[in-house]
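Novice: My questions all concern the structure below.
The values are calculated or read from the model by the stated rules, or taken from the named source; none is laboratory data. What you see is a predicted model; the values in this text were computed from it and never measured. All Cβ positions, even for glycine, are placed from backbone atoms using ideal geometry, and neighbour counts span all protein chains on display.
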Amino acid sequence: MNLNELYQQVILDHNKNPRHFSTLENANHIKEGYNPLCGDKVTVYIEEKDQVIQNISFQGCGCAISVASASLMTEALIGKTVSEFKILFDQFIQLLTQGGEQPDLKKLNVLGGVHEFPMRVKCATLAWHTTKSALEEDVHVN
Ligand code: ZN
């Protein structure tokens, strides 16, 4: 299987069956994001305790790339610390702007193909930027 096929398969799968696609009852960071270039909307729910992402989910609607990227992101971030997230965030942005491969990103590397389509980069990074600002905000009190 070449990278292009893998890319298509993973994106299609995660778009059709997004993982962690729900609200989160115990979320203490909630943030909405919007990509006006494409119309993608995402709301990210994070349950963070002692600087560890215990759980993360998302809801929203958008193009296949934005949904697949959010789905892959939630899978990758559960159990990660906030500082690990920041490292992955930087690597992900680098992957999407420069291509190549980032070993730490594992499955997320399938989104590397997006760097050839600059118009779609914001679709793929929407959930990541939303998560970053959600974590930077004060803890949401239920
Ligand atoms: Zn989009």
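Novice: Conditions: (1) among the aromatic types (Phe, Trp, Tyr); (2) within 16 Å of the ligand (Cβ to nearest atom); (3) not in a strand (DSSP E or B). Residue 89 meets all but one. Number of the miss?
Specialist: (2)
Novice: Filter the range 33-69 down to residues that are within 12 Å of the chain's Cα centre (by Cα), at pLDDT 95 or above and within 11 Å of the ligand (Cβ to nearest atom), then give me how many there are.
Specialist: Count: 5.
Novice: Given (1) within 21 Å of residue 15 (Cβ to Cβ); (2) touching a strand residue (DSSP E or B) at 6+ places or on another chain (Cβ under 7 Å), identify the lone condition not met by residue 69.
Specialist: Every listed condition holds for residue 69 apart from (2).
Novice: So which residues in the range 7-32 are of a type in the set (A, V, I, L, M, F, W, C), surrounded by 14 or more Cβ atoms within 10 Å (Cβ to Cβ) and away from the ligand (no atom under 14 Å from the Cβ), if there are any at all?
Specialist: 10, 21, 24, 27, 30
Novice: Conditions first: (1) modelled with pLDDT of 95 or more; (2) under 18 Å from residue 17 (Cβ atoms); (3) surrounded by 21 or more Cβ atoms within 10 Å (Cβ to Cβ). Residue 131 passes all but one, so which condition is the exception?
Specialist: (2)
Novice: Sticking with this one: Checking residue 4 against (1) more than 16 Å from the ligand (Cβ to nearest atom); (2) within 28 Å of residue 137 (Cα to Cα), which single condition isn't satisfied?
Specialist: It fails just one condition, (2).
Novice: Going by what's in this entry, would residue 114 be described as more than 11 Å from the chain's Cα centre (by Cα), part of a helix (DSSP H, G or I) and hydrophobic (A, V, I, L, M, F, W, C)?
Specialist: yes
Novice: Just to be sure before I move on: is residue 74 of a type in the set (Val, Ile, Thr), over 14 Å from the mean Cα position of the chain (by Cα) and modelled with pLDDT of 95 or more in the structure I sent?
Specialist: So residue 74 fails the test.
Novice: Right, another one. Only one of (1) touching a helix residue (DSSP H, G or I) at 6+ places or on another chain (Cβ under 7 Å); (2) part of a helix (DSSP H, G or I); (3) over 17 Å from residue 133 (Cα atoms) fails for residue 94. Which number is that?
Specialist: Evaluating residue 94 over (1) touching a helix residue (DSSP H, G or I) at 6+ places or on another chain (Cβ under 7 Å); (2) part of a helix (DSSP H, G or I); (3) over 17 Å from residue 133 (Cα atoms) leaves (1) as the failure.
Novice: I would also like to ask the following. Taking the range 90-123, which residues are surrounded by fewer than 13 Cβ atoms within 10 Å (Cβ to Cβ) and at pLDDT 95 or above?
Specialist: Residue satisfying the conditions is 90 alone.
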